[in-house]
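J.: The structure under discussion is supplied below as structure tokens; questions concerning it will follow.
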Amino acid sequence: MGLELVVLVGVPCCGKTTLATSYFSDYYHVSLDNIHEMLAQHGARGYDPLNKHLGRTIEMHIIGTRLSQNTSVVVDNPNLTKEDRKRYFPVAWEFGAEPIAAYFPPNRDVAVKRNWRRKEESDIFICNDAIFESFEILQMPLIEEGFTQIRSAPYLLSKAGKGEQEEKTY
């Protein structure tokens, strides 16, 4: 296996972080949520536009640094649209990493159940309307965008012991 930049693609509460920390546990895990949390802990003001830009700048710096150290990276953000995802290809290509999408096909029931379970376990809850809006925005990733592979995220979760799913290619 060579150097990889895995871009997770899915609506909130579909299992992206579970996949990142289980199946891709040997990869460096980058998440804008974690970056914004770190900024907030150090006196930044959360998600205002300036810090959103700062978060993206930090994210891209971390990805480039880790790939330059020959460490594969998993990007744990929704990455709902082609526009959201296009920023990752230049950095992958610069360091010779294979850009791979791990795609979560939309499933409202799973997202709502995971959201309620998340609230019970950690008091983190996303308004269901925000989740449902993301279903309207989600664009399936395509090879034509620049990915070398598009892998079934539910299948990868099953391989990590976190669910059951047959392998599917897109």
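J.: Being among the hydroxyl-bearing types (Ser, Thr, Tyr) and farther than 13 Å from residue 9 by Cβ is the filter; apply it to the range 67-121 and report the residue that is surrounded by the fewest Cβ atoms within 10 Å (Cβ to Cβ).
T.: Restricting to residues being among the hydroxyl-bearing types (Ser, Thr, Tyr) and farther than 13 Å from residue 9 by Cβ, the top hit is 68.
J.: Can you tell me how many residues within the range 67-94 are among the hydrophobic types (A, V, I, L, M, F, W, C) and either in contact with a Gly (Cβ under 7 Å, 6 or more places away or on another chain) or part of a helix (DSSP H, G or I) (or both)?
T.: Adding up the residues that qualify gives 5.
J.: While we're looking at this one, here's another question. So residue 154 passes all but one of these: (1) under 14 Å from the mean Cα position of the chain (by Cα); (2) modelled with pLDDT under 80; (3) under 24 Å from residue 37 (Cβ atoms). Which condition number does it fail?
T.: Condition (3) is where residue 154 drops out.
J.: Kindly indicate the residue of the range 2-19 that is of a type in the set (A, V, I, L, M) and in contact with a strand residue (DSSP E or B) (Cβ under 6 Å, 6 or more places away or on another chain) and also surrounded by the fewest Cβ atoms within 10 Å (Cβ to Cβ) among those meeting that condition.
T.: Here is the first cut: in the range 2-19, the ones of a type in the set (A, V, I, L, M) are 3, 5-9, 11, 19.
Applying the additional criterion that residues be in contact with a strand residue (DSSP E or B) (Cβ under 6 Å, 6 or more places away or on another chain) yields 5-9.
Values: 5: 24, 6: 27, 7: 27, 8: 26, 9: 26.
Checking each candidate, the answer is 5.
The values are calculated or read from the model by the stated rules, or taken from the named source; none is laboratory data. What you see is a predicted model; the values in this text were computed from it and never measured. Here Cβ is always computed from backbone atoms with ideal geometry, including for glycine, and neighbour counts include all displayed protein chains.
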